[in-house]
1. Give me 82, 57 sorted ascending by neighbouring Cβ count inside 10 Å, so fewest comes first.
2. Could you tell me whether the stretch 46-94 comes out rounded, prolate or oblate from its Cα gyration tensor? Rule is a ≥ b ≥ c as square roots of the eigenvalues, rounded for a/c under 1.5, then prolate if a/b exceeds b/c, otherwise oblate.
3. Per residue of the stretch 53-60, in order, report the coupling 6.51 cos²θ - 1.76 cosθ + 1.60 (Karplus, θ = phi - 60°) as ³J(HN,Hα) in whole Hz, putting x for Gly and Pro.
4. Under the Karplus relation 6.51 cos²θ - 1.76 cosθ + 1.60, θ = phi - 60°, what is the ordered set of whole-Hz ³J(HN,Hα) values for the stretch 114-122, x standing for Gly and Pro?
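Any read-out appearing in this document is the output of simple, stated calculations on the displayed coordinates, not a laboratory observation. These numbers were taken from a predicted model, which means no experiment stands behind them. Neighbour counts are summed over all protein chains in view; Cβ atoms, including those assigned to glycine, are modelled from backbone coordinates with ideal geometry.
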Amino acid sequence: MKSISGFFAGGLVLAAGVFLGGGAWAHDPAKIVYPGDGLAVSAIGEGRLAQAETVLKPRYAEDAQDPARLINLGIVYARAGKASEARGAFVAAGNAPECDLILSDGREVSSRQVARQQIAMLDSRAFATR
């Protein structure tokens, strides 16, 4: 499985790839790299949800199969009070090719497990909305 670095905060996964200086993408097939704030981690953390949504909305076919991007988009939608859109993003992440997300506490968790956890959080209304 591929690995993606990320953060785990209060039940939320904010996945962020390892950035290689100069905007370079790693060509290591074991890792997906997102330049800059390509997964909108800073924007989500600072509550800039509209900006995060713009960054995360799938622009290319491969974006629609990227579980890290889809999970973050679901988090944005959930925090914005868009439960239906959030569920759609989390379901799509669960159906996307599986990869490991490396959480801030060092644990590796299946993207499908994270997607299921996010759906459970959505169902329990555990997301803080703006």
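1. Taking fewest neighbouring Cβ atoms as first place, the list is 57, 82.
2. Note, shape of the stretch 46-94 comes out oblate.
3. Once rounded to whole Hz, the list reads 4, 4, 5, 8, 4, x, 9, 10.
4. These are the phi-based 3J(HN,Hα) values: 5, 4, 4, 5, 5, 5, 4, 5, 4 Hz.
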